[in-house]
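Trainee: Below is one structure. I have some questions about it.
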Amino acid sequence: MAQEIELKFIVEKDSVDALRQHLHTLSGEHHAPVQLLNIYYETPDNWLRRHDMGLRIRGASGRYEMTMKIAGRVVGGLHQRPEYNIDISKPELELERFPAEVWPEGELPSALAEQVQPLFSTDFWREKWLVTEGKSRIEIALDLGEVKAGEFQEPICELELELLDGDANDVLKLARRLVSQSGLRQGSLSKAARGYHLAAGNAPRVLKETTILHVAPKASVEQGLEAALELALSQWQYHEELWVRNVKNAKSHVLAAIALVRHTLALFGGIVPRKASAHLRDLLTQTETLMLSDVSAQTAIYSPQAASAKLALTEFLVTRGWRAFLDAKAEAKIAENFKRFADIHLSRHAAELKSTFAYPLGDKYGDQLPRLSRNIDSMLLLSGAYDGPQAQAWLENWQGLKHAIETRQHIEVEHFRNEAISQDPYWLHSGKR
C-alpha cells in the first residue's frame with residue numbers, strides 16, 4: 001500500500017505552453033510525454049463506488065499496472081488516500097492479488113471478479129518533472145488527452161503535484177509558486193469522477209444550495225470548524241466548475257461560497273483570532289473584487305487571485321493553520337463539544353435576526369441583506385444536531401425573506417418577515433424549551 005498525496009489543478013488550454021515553459025525553469029529531472037491508457041471498472045450495481053473504491057488498469061509502453069484506490073480525504077483538490085498498485089503482465093484484472101486489507105469484509109467478494117466490467121477510459125499524454133522542494137521529492141505531471149464513456153467525452157488538461165517522498169507541506173509550498181501565474185484552478189473533480197459522471201449519462205450539472213451541515217454527534221468545536229470550512233470550499237469548487245461551463249447563476253453561488261468562508265471564520269472568531277486568517281481573508285477580498293469586476297469567467301476563474309485564495313484555504317485546513325494562534329484558553333474551548341457551542345450561538349444569531357427585523361423597514365431592507373446572509377449561513381452551520389425538517393422549516397422563512405428582499409417583492413417581504421420572527425426555536429437552551 002502507498003499513501004497517495006497529490007494536488008490537482010485544471011489548466012486553461014491557452015496557458016499550456018506558458019506553463020510548460022515555466023516548469024522547464026524549475027531545477028529538476030524532465031521526462032518526455034508518455035501515452036497512458038487507463039480503463040476503469042465497476043459493477044452493474046456500483047459496488048465499488050458505494051464502498052468508495054476505484055479500480056483501474058493502466059497501460060504505458062507495453063507495461064500494465066492494476067490499481068485500487070480506497071477511501072481517503074479530499075480537501076480542495078488535495079487528495080490523500082491509500083492506493084494499492086500491482087504490476088500485471090497483460091491488461092486483465094487479477095483481483096485475487098490484492099491483499100485482504102483492501103476489501104471491506106477482509107476478503108475478496110466471491111462474485112466480484114465476474115461482475116466488474118469496463119465502465120470508462122482515459123487516454124492522455126503525461127509529461128513529468130521531478131523536482132525537490134524543501135526536503136521533499138515531488139512529481140509534477142502535465143496530462144493532456146480525454147476521458148471517454150460510450151458516446152460521451154471530455155478533454156483532460158490537468159496538472160498534478162504528487163508527493164513521492166517527504167512532507168505534504170512542501171507540495172503546498174511548491175503550488176503557491178505555481179499559482180502566481182494565471183491559467184490554473186484547483187480542481188477537486190478527478191479524471192475518474194468525470195468518467196463516472198459521463199458513464200452515468202452526462203446529466204447537466206445543477207446548482208446546489210448550501211444545506212444544513214451535519215457533523216458527528218460528539219464532534220469537537222474544532223471538528224465543527226473544519227467541517228464548515230470544507231463545506232464552503234466544496235461549494236466554491238463545485239460552482240466554479242459550473243461557472244466555467246457557463247451554467248446560469250453559478251457565479252453568484254461561487255460568491256456565496258466565498259462569503260460562507262468569511263462567515264465561518266466570523267462564527268468561530270471568539271476562539272480563533274482574526275490574525276490567524278488575516279492572509280486568507282486578504283486573498284478572499286482580492287478574489288471577490290476581481291469576480292465582481294467586468295472580467296470574463298475564464299479570467300476570474302483561472303486568475304492567480306482565485307487560485308491563491310483557494311490554495312490558502314486548503315492549506316489552512318490541511319495544516320490546521322489556526323492552531324499556532326491559540327492560547328491555552330482557546331485550546332480548551334476549541335476542544336469542547338460542538339453541539340454545546342451550537343446551542344449558544346443559535347440563540348445569539350436568532351436574537352440578532354429577530355431584533356433586526358422586529359418591525360417593517362420600509363425601503364431599508366436592502367441595507368440588512370449582508371447581516372441576514374451572515375446569520376442564515378451561521379444557522380446552516382450550527383443546526384445539524386437537531387431535527388432536520390423542523391430546522392429546515394425555521395430556516396426557510398429567513399431564506400424566503402432574503403429572496404424576497406433581493407427580488408424586491410414587497411408583499412412577500414412582509415409575509416416572510418412576520419413568519420420568521422414568530423417562529424419558536426427548535427434548539428435546546430433557547431429559553432423556550
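The values are calculated or read from the model by the stated rules, or taken from the named source; none is laboratory data. From a predicted model like this one, the values you see are computed outputs, not experimental measurements. Cβ coordinates were reconstructed from backbone atoms using ideal geometry, including for glycine residues, and neighbour counts include every protein chain displayed. Just the protein is used for accessible areas: all its heavy atoms, side chains included, with ligands, DNA and RNA removed. Shrake-Rupley method; radii C 1.70, N 1.55, O 1.52, S 1.80 Å.
Condition check ((1) over 20 Å from residue 58 (Cα atoms); (2) surrounded by fewer than 18 Cβ atoms within 10 Å (Cβ to Cβ)) across all residues:
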residue: 158; (1), (2): no, no
residue: 164; (1), (2): no, yes
residue: 170; (1), (2): yes, no
residue: 184; (1), (2): yes, no
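Trainee: Okay, next question. Please go through the stretch 190-208 and pick out each residue that is closer than 17 Å to residue 54 by Cβ, open to solvent by less than 50 Å² (accessible area, probe 1.4 Å) and of a type outside the set (Lys, Arg). Let's see the steps before the verdict.
Mentor: The initial filter retains those residues of the stretch 190-208 that are closer than 17 Å to residue 54 by Cβ, namely 190-200.
Those still in the list that are open to solvent by less than 50 Å² (accessible area, probe 1.4 Å) too: 190-199.
190, 192, 193, 195, 196, 197, 198, 199, listed by residue number.
Trainee: Which condition breaks for residue 211 when tested against (1) under 30 Å from residue 28 (Cα atoms); (2) loosely packed, with under 15 Cβ neighbours inside 10 Å; (3) of a type in the set (Ser, Thr, Tyr)?
Mentor: (1)
Trainee: Looking at 226, 209, 222, 230, which one is more than 30 Å from residue 17 (Cα to Cα), acidic (Asp, Glu) and touching a strand residue (DSSP E or B) at 6+ places or on another chain (Cβ under 7 Å)? Write out each step before concluding.
Mentor: Values: 226 fails: touching a strand residue (DSSP E or B) at 6+ places or on another chain (Cβ under 7 Å); 209 fails: touching a strand residue (DSSP E or B) at 6+ places or on another chain (Cβ under 7 Å); 222 fails: touching a strand residue (DSSP E or B) at 6+ places or on another chain (Cβ under 7 Å).
Exactly one residue qualifies, and that residue is 230.
Trainee: Let me ask something else. Residue 135 versus (1) loosely packed, with under 13 Cβ neighbours inside 10 Å; (2) closer than 25 Å to residue 149 by Cα: which is the lone unmet condition?
Mentor: Going through the list (1) loosely packed, with under 13 Cβ neighbours inside 10 Å; (2) closer than 25 Å to residue 149 by Cα, residue 135 breaks only (2).
Trainee: So, one more: Exactly one condition in (1) buried (at least 16 other Cβ atoms within 10 Å of the Cβ); (2) free of Cβ contacts under 8 Å to residues at least 40 places away in the same chain is not met by residue 106; state its number.
Mentor: If we test residue 106 against (1) buried (at least 16 other Cβ atoms within 10 Å of the Cβ); (2) free of Cβ contacts under 8 Å to residues at least 40 places away in the same chain, just (1) comes out false.
Trainee: Where the second residue is of a type in the set (Phe, Trp, Tyr) and the first is without any contact (Cβ under 8 Å) to a residue 60 or more places away in the chain and lies in the stretch 37-57, which pairs have Cβ atoms under 7 Å and are six or more apart or on separate chains?
Mentor: From the stretch 37-57, the pairs are 57/64.
Trainee: Still on this structure, please answer the following. Return a yes/no flag: does the stretch 244-263 have any residue that is modelled with pLDDT under 95, closer than 21 Å to residue 210 by Cβ and part of a helix (DSSP H, G or I).
Mentor: Yes: the stretch 244-263 contains one or more residues that are modelled with pLDDT under 95, closer than 21 Å to residue 210 by Cβ and part of a helix (DSSP H, G or I).
Trainee: Another question, then. Suppose we keep only residues that are assigned to a loop (DSSP other than H, G, I, E, B) and not β-branched (Val, Ile, Thr) within the stretch 214-229. Which one would you say is most open to solvent (accessible area, probe 1.4 Å)?
Mentor: Looking only at the stretch 214-229, we keep the residues that are assigned to a loop (DSSP other than H, G, I, E, B), and these are 214-219.
Those left that are additionally not β-branched (Val, Ile, Thr): 214, 216-219.
On the way: 214: 122, 216: 64, 217: 119, 218: 184, 219: 4 Å².
Filtering first and then ranking leaves 218.
Trainee: Could you please find all residues in the stretch 146-185 being free of Cβ contacts under 8 Å to residues at least 60 places away in the same chain and either assigned to a strand (DSSP E or B) or aromatic (Phe, Trp, Tyr) (or both)? Steps first, please.
Mentor: So in the stretch 146-185, the residues free of Cβ contacts under 8 Å to residues at least 60 places away in the same chain come out as 146-154, 156, 164-167, 170, 173-174, 177.
Scanning the stretch 146-185 gives 146, 147, 148, 149, 152, 153, 154, 156, 164, 165.
Trainee: While we're here: Which one of the conditions (1) without any contact (Cβ under 8 Å) to a residue 40 or more places away in the chain; (2) of a type in the set (S, T, N, Q); (3) surrounded by 15 or more Cβ atoms within 10 Å (Cβ to Cβ); (4) under 16 Å from residue 377 (Cβ atoms) does residue 287 fail to meet, given that it meets all the rest?
Mentor: It fails just one condition, (4).
Trainee: Additional query: Can you confirm whether residue 339 is basic (Lys, Arg) and at pLDDT below 95?
Mentor: Values: basic (Lys, Arg): yes; at pLDDT below 95: yes.
Criteria met by residue 339.
Trainee: Among (1) closer than 24 Å to residue 238 by Cβ; (2) open to solvent by less than 60 Å² (accessible area, probe 1.4 Å); (3) out of contact with any helix residue (DSSP H, G or I) (no Cβ under 6 Å at 6 or more places or on another chain), which single condition is residue 46 missing?
Mentor: (2)
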